[in-house]
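Remarks on the structure that follows.
Nothing in this text is a laboratory measurement; each read-out follows from the coordinates by a stated rule. Worth saying up front: this structure is predicted, and the values here are computed from it rather than measured. Neighbour counts are summed over all protein chains in view; Cβ atoms, including those assigned to glycine, are modelled from backbone coordinates with ideal geometry.
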Amino acid sequence: MTSFAGADIHRPPIASLPYLKSIQEHPGYSSVFKSDRLTFGLVAPLEPYAGLPWPTLDSHAEAVRLVDKTDFAAIWLRDVPFYDPGFGDTGQVVDPMVYAGWLAASTRRIAIGTAGIVSPLRDPLIVAKQATSIDRLSNGRFILGLATGDRPSEFAAFGSDIGNRVERYRDALGVIRAATEQSFPQHLSRFYGALDGGLDMLPKPVAPSLPIIAIGRAGQDFGWLGNNTDGWLWHLSDPAKLASVIANWRSGSEGRFRPYGYGTMFDLLADPNASLEFKQSTMRGGRNALIDHWKRQRDEGVNHVALHMKPLQRPFADAIAEMADHVLPEFAT
């Protein structure tokens, strides 16, 4: 009979990356979020589909491999379980955790993040198991973004109470932290099951903690978010107010790095000298104006920008090539 005496129960043999000492060493997190640096990501699907409720996904594999060869830092996946004509968008269509697993096998460098998993609609232990599995299989390239969700029709379909989603968000995050960070955890949940110390969840993440960021405010105040998450990814707000928003987000951090990023609909115009405009939640302009704009935002404290190419008016490959050749090098270290 095989003996397991002395075996390290915290390290299943499924990935080559050793356990890391801190989240700052986590490959995905550290490549996306760095103090005083601005990085760029892309929101899936990686294709324009303006005016349509869902993308074709016809060339998504080629697009993913193309992006993986550039200096884009991350691919972000949305959690949209249903098509609701009232909202008119399905995200990348496929389930984000399933897609993240596929991305882990289809890429070699780029970080993979969720923006974000609607935690009140999912069992937090299942989310924890999925997230740590992807983190291990990708050699530490996974970032778990959690959101509360805002589509009443989806909550009704799941039989979930939208009225207490803010409280369940906090509760679910506590369950995920306990299951992924503790050995044989003991944790009492208000809305979910109890962990009594008799079970251990494997695998553990590659770092002491799984990178978890808030997508949107999730109904929480900055103090709670700053103490319980590893960063904040929001939608693009009024650029004129951005500096004060970031200052409020980082107040009381006592020297701890609190990354800030935002997501935006994006259209890179072919004319490199075209002016920058913000219209109908879309950032649109030529590369020179965008470079100037993003350098100002970097100086204001923005760490990451996630670009959603849905309104793009030119071929995806052309826009990515221009970004890779002319924009990303301006922000390289």
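What the table below lists for this structure:
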read-out	value
Val118 long-range amide H proximity, modeled H, under 5 Å	Ala147
Shape of the stretch 67-207, Cα gyration tensor, a/c cut at 1.5	oblate
Ratio of the Cα radius of gyration of the stretch 236-333 to 2.2 N^0.38 Å, where N counts its residues	1.14
Kyte-Doolittle mean at least -1.0 and Cα axial length at least 20 Å: DSSP H helices in the chain	165-181
In order through the stretch 29-43: 3J(HN,Hα) via Karplus (6.51 cos²θ - 1.76 cosθ + 1.60), integer Hz, x for Gly, Pro	4, 5, 7, 8, 10, 9, 5, 6, 9, 10, 10, 10, x, 10, 8
Cα→Cβ-extended label distance, 7 Å offset, between Lys21 and Glu181, nm	1.9
Extension gain (nm, one decimal) between Asp68 and Glu300, 0.36 nm per residue minus Cα-Cα	80.7 nm
Percent antiparallel among DSSP beta bridges (both partners in the stretch 226-318, rounded to 5)	20
For Phe33, Phe82, order by how many other beta-carbon atoms lie within 10 Å, fewest first	Phe82, Phe33
Amide H partners (placed H, <5 Å) of Met283, local residues excluded	Met265, Phe266, Asp267
Taking N as its residue count, the alpha carbon Rg of the stretch 58-144 over 2.2 N^0.38 Å	1.10
Residue-averaged [θ]222 nm for the chain, counting only DSSP H segments that reach four residues, each worth -39500 (n - 2.57)	-9000 deg cm²/dmol
Percent of C-alpha pairs per 10 Å bin, the stretch 23-331, short to long	6, 28, 36, 24, 6, 1, 0
Loop GluC sites (Glu not before Pro), the stretch 254-333 (other Cβ atoms within 10 Å of the site Cβ: 15 or fewer; DSSP)	Glu254
